[in-house]
Amino acid sequence: MATLALSVAGAAVGSTLLPTGISVLGATISGAAIGAQVGALAGSYVDQALFGTSGETRTVEGPRLHDLHVTASSEGAAIPRIFGRVRLGGQVIWATDFEEEVVRSTEGGGSGKGLGGASSAPAIERIEYRYYANVAIAICEGEITGLGRVWADGAELDLTGYVHRLRKGRENHAPDQLIEAHEGAGAVPAYRGVAYIVFERLSLAEFGNRIPQFSFEVHRAVDNFNESVRSIVLIPGSGEFVYAPEPVNLKFGIGGSLAENVHTGQGGSDWNVAINQLEEELPNVNNVSLVVSWFGTDLRAGNCLIRPGVEVESKSTEPQTWRAGGVGRAGAHLVSERLGRPAYGGTPSDQSVIDAIRDLKSHGLKVTITPFILMDVPANNTLPDPYGAASQAVYPWRGRITCNPAPGEPGSPDKTAAAGAQVASFVGTASRNDFAVDGDTVTYTGPAEWSYRRMVLHQAHLAATAGGVDAFLLGTELRGLTWVRDGAASYPFVTALRQLATDVKFILGTATKVSYAADWTEYFGHQPQDGTGDVYFHLDPLWSSPNVDAVGI
């Protein structure tokens, strides 16, 4: 750079001082040419002083620690005893001197000549010093259930990126293998009864080349009830990629992205964090009921559509693109808004449901699939209310879906064929043969309807695509429908559930248990409030079906 700058400056000075030039051996050399050569010669000396000469390598060293010893912990500090879930710091109970790693790299350099014949800039050798620590940190008195979040210098830390071992403080655990390898066999305490964590070769670069200030979210059960839990229901049941084991990113702008299903610093997707916590905190759970929601649009059975829904109309995601119920985003129900935000998460994508089933099974867990209806009836709706109000209740319970008007209301078609027709419209005519599977994609070619049968049979095919499930529920708490009659003692929705049980059993095989989750009020049967004093055990035909394996209340 100096060669170029001084060459130009020299040409200007030479042109001013020697405007006519000089004669050498009969040839005239301009003052500008003479000045340029003198300037280039001076500039080459400057460049060589700064960058070295051709063939040299300039060495640049990064910062280096002169003291490789760790700071001491507090002697005599109390060991906390906690119950429940508490955030705690810790005390260093063992550490090695920092390990220094020297990293050399070379960049730049060349063999060409610069302007004025000067050598080009040489290569630069960079020397970086990286530091690592082995450290054990006592947290509290054991035995703890496990750790939740971990912070380093106040920032949440993803432990999956670090080699570590958590010792929960059992009274029978052996000394840590890393500590024993450094200190020698038989020379290491096991720290029994103390919960501690060991970091192996912890990279210190991101913490300013020092051991950071750690704090831990510690969970300690107050009794052993957690060991008695055998089955759990996995919710929320809504969220477009909430069940995806792999991270899914929202794409925006030019190269911008934002994680859709990663909201913790504990490693991986929200699904993976949740399943890891499940195994840690409820070690004896062996059955998981996976809730998958579609959206109901109306409490009137004859007008209610059951559709997969999305949170926004347009969204670009990777590596998964949302698809559910045989349609993409453009063909789905758009969830209503409340306070400027979607009132619900969208229907979990088909692929995420399939992947979730497979992942649960890979953890040795039995899987139950639960098709679920979320009622998307927003505030200020103008829908006629089958129960006689001016408009339908806001985001009502699915158990209120019924004929219009509802049984007991003036003009109700209950106990007539008209009520049966409304129920039939809700149930639909989709057949198990209207679905096809190509790889992990389930498609639908049946009647153009968004019906209850379409939802249930679609989810049955998802379960089959994932390799099968242990149990399948035909629905939950649809009391308003199971109580509708098309005759004095005839319940058309119960008959429809019997047929669905047959179809689901055919799709998933006899090894899959099939049932229906009735509302608790149905335990007493149907007791219509019409003054007759009648009592009908209306679900008995369902429970007695050869394709239903359990009574579910």
Checklist line | Cβ crowding within 10 Å averaged over residues, with 464-476, 531-543, 315-327, 293-305 ranked highest first | finding: 293-305, 464-476, 315-327, 531-543
Next item on the list: Could you tell me which of the pairs LYS361/LYS513; LYS251/LYS361; LYS315/LYS361 are separated by over 20 angstrom between their Cα atoms in the structure shown?
Entry: LYS251/LYS361; LYS315/LYS361
Margin query: I'd like the carbon and sulfur percentage of the solvent accessible area for the stretch 160-208, probe radius 1.4 Å, heavy atoms only, ligands and nucleic acids excluded.
Written below: 48 percent
Check: Could you name the aspartates and glutamates in cross-link range of LYS415, using Cα to Cα under 14 Å and dropping any fewer than eight places away on the same chain?
Finding: ASP486, ASP530, ASP534
Check: Once a ≥ b ≥ c are taken as the square roots of the eigenvalues of the Cα gyration tensor of the stretch 162-274, is the result rounded (a/c under 1.5), prolate (a/b larger than b/c) or oblate (a/b not larger than b/c)?
Finding: oblate
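With an 8 Å Cα cut-off and a minimum separation of 6 or more residues, compute the relative contact order for the stretch 356-454 in percent.
Working: 109 pairs, mean separation 15.2, N = 99.
Computed over the stretch 356-454, the figure is 15 percent.
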Next item on the list: Express the carbon and sulfur contribution to the solvent-accessible surface of the stretch 341-500 as a percent, rounded to the nearest whole number, probe 1.4 angstrom.
Entry: 51 percent
Next item on the list: Using θ = phi - 60° and the Karplus relation 6.51 cos²θ - 1.76 cosθ + 1.60, list the HN-Hα couplings for the stretch 131-148 in order, rounded to whole Hz, with x at every Gly or Pro.
Entry: 10, 9, 9, 9, 8, 10, 10, 6, 9, 6, 5, x, 8, 8, 7, x, 10, x
Check: When the Karplus curve 6.51 cos²θ - 1.76 cosθ + 1.60 is applied with θ = phi - 60°, which whole-Hz ³J(HN,Hα) does each residue of the stretch 313-319 get, with x for Gly and Pro?
Finding: 6, 10, 7, 10, 10, 8, x
Margin query: Can you classify the stretch 363-418 as rounded, prolate or oblate using the Cα gyration tensor, where a ≥ b ≥ c are the square roots of its eigenvalues, rounded means a/c under 1.5, and otherwise it's prolate if a/b beats b/c and oblate if not?
Written below: oblate
Checklist line | Calculated from backbone phi, Karplus (6.51, -1.76, 1.60) coupling profile of the stretch 190-199 in Hz, x at Gly/Pro | finding: 8, 6, 5, x, 10, 7, 8, 10, 10, 9
Notebook entry, point to check: So for the stretch 394-467, taking the charge dipole from beta-carbon charges (+1 Lys/Arg, -1 Asp/Glu), which of VAL442, THR402, MET455 sits furthest toward the positive end?
Noted result: THR402
Notebook entry, point to check: Does the stretch 243-361 classify as rounded, prolate or oblate by the C-alpha gyration tensor (a ≥ b ≥ c root eigenvalues; a/c under 1.5 gives rounded; else a/b over b/c gives prolate, otherwise oblate)?
Noted result: oblate
Check: Once amide H atoms are built 1.01 Å from N in the peptide plane, which residues 5 or more positions from VAL248, or in another chain, come under 5 Å H to H?
Finding: GLU260, ASN261
Next item on the list: Might you tell me the accessible area per residue for the stretch 431-536, computed with a 1.4 Å probe and given in Å²?
Entry: 40 Å²
Notebook entry, point to check: Given the Cα-Cα distance of ARG81 and GLN499 and 0.36 nm per residue of separation, how much length would full extension add, in nm?
Noted result: 144.8 nm
Next item on the list: Roll a 1.4 Å probe over the protein chains and send me the accessible area per residue for the stretch 178-261 in Å².
Entry: 51 Å²
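The values are calculated or read from the model by the stated rules, or taken from the named source; none is laboratory data. As the structure is a prediction and not an experimental result, all values here were calculated from the model. Backbone-built Cβ (ideal geometry, glycine too); neighbour counts: all protein chains shown. Just so you know, the surface numbers come from the protein's heavy atoms only, side chains and all, with ligands and any DNA or RNA stripped out. Shrake-Rupley method; radii C 1.70, N 1.55, O 1.52, S 1.80 Å.
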